[in-house]
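A short write-up of the structure that comes next.
The values are calculated or read from the model by the stated rules, or taken from the named source; none is laboratory data. None of these values were measured; they are calculated from a predicted model. So basically every Cβ, Gly included, is an ideal-geometry build from the backbone, and we count neighbours across all protein chains shown. With ligands, DNA and RNA removed, areas are computed over all heavy atoms of the protein, side chains included. Shrake-Rupley method; radii C 1.70, N 1.55, O 1.52, S 1.80 Å.
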Amino acid sequence: MKRKPGTVNEQRRQILQMLADGKITADEAERLLTAVETVEEPDPAAPTRGKGRPKYLRLIVDANDEHSGETKVNIRVPLKLLRAGMRLAVFVPPQALERANQELVKQGVPIDLTEIKPNQLEDLVDALDDLTLDVDQTDTKVRIFCE
Amino acid sequence: MIPQLVTARWRRKDGRTGRLFLPVVPIVIVLSPLLVLAVIGGIIACLMFDMPPFRTLAGVGRLFWALPGARFDIEQGRTAVSVSIR
């Protein structure tokens, strides 16, 4: 629940006034002030969605391989870029999609790319806002999220 | 906003490092005659492959406009590459 700072200050003033008038004890005033401050302080664990929509898709990989040593990948891609790419993908000619479908089937991924519509792609990128993927293995850590 | 500066940094196995700064706007201005040819070639390719040329060009432009903010850092052992677009 959001409250205006002025409202919280007003509540504090009222509590102090009640204490000064002797209507409440010092303990009660302390409890009330704590309650007001708890409502005022934002939860640090809460997601920062209130600041606006995420702008970037981040991919962080931290792998430790005996053969190639430590590998670190840190990629930040603007979501705008993904959207632009998706819009461009709409113009891919049908014959190219057919060939891509054939290659996907060969690889054991039976997805028909011709069935994917532009608005579905838009929805897909919009849904990325809420994506957080953590893969934690012994030697490898992968983290994908939006910020 | 179009990309202003592309920064590439790398580190080789022997520890030598390098940096390259590419100011995009001056490079685009210098290469503009070639870009005109590339656009004409792109339009012809679109017509050959049955794609809408101007909408495709607009899509490529949007892709270019959306580049600022992209960053790629890859580090493996002693070698590392970092590309940042601002």
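Data for the structure
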| quantity | calculated |
| --- | --- |
| Residue in the range B:57-74 that is farthest from the other protein chains (Cβ to nearest Cβ), counting only those that are free of Cβ contacts under 8 Å to residues at least 40 places away in the same chain and open to solvent by less than 40 Å² (accessible area, probe 1.4 Å) | B:Gly61 |
| Among the candidates B:Gly18, B:Gly77, residue that is within 22 Å of A:Arg76 (Cα to Cα) and at the interface with chain A (Cβ under 8 Å from one of its Cβ atoms) | B:Gly77 |
| Hits in the range B:31-56 - residues which are facing another protein chain (nearest Cβ under 10 Å) and either open to solvent by less than 60 Å² (accessible area, probe 1.4 Å) or part of a helix (DSSP H, G or I) (or both) | B:Cys46, B:Met48, B:Met51, B:Pro52, B:Pro53, B:Arg55, B:Thr56 |
| Long-range neighbours under 9 Å by Cβ, at least six apart or interchain, first residue among the aliphatic types (A, V, I, L, M) and modelled with pLDDT under 95 within the range B:34-55, second open to solvent by 100 Å² or more (accessible area, probe 1.4 Å) and part of a helix (DSSP H, G or I) | B:Ile43/B:Phe54 |
| Hits in the range B:57-71 (condition: among the aliphatic types (A, V, I, L, M) and either part of a loop (DSSP other than H, G, I, E, B) or modelled with pLDDT of 95 or more (or both)) | B:Ala66, B:Leu67, B:Ala70 |
| Residues located in the range A:88-98, provided they are open to solvent by 40 Å² or more (accessible area, probe 1.4 Å) and of a type outside the set (A, V, I, L, M, F, W, C) | A:Pro94, A:Gln95, A:Glu98 |
| Residue check, B:Phe21 free of Cβ contacts under 8 Å to residues at least 60 places away in the same chain, in a strand (DSSP E or B), loosely packed, with under 15 Cβ neighbours inside 10 Å and within 17 Å of the chain's Cα centre (by Cα) | yes |
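Here's the yes/no breakdown for (1) open to solvent by less than 90 Å² (accessible area, probe 1.4 Å); (2) among the hydroxyl-bearing types (Ser, Thr, Tyr); (3) modelled with pLDDT under 80:
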site: A:Thr71; (1), (2), (3): yes, yes, no
site: A:Met86; (1), (2), (3): yes, no, no
site: A:Ala100; (1), (2), (3): yes, no, no
site: A:Gln137; (1), (2), (3): no, no, no
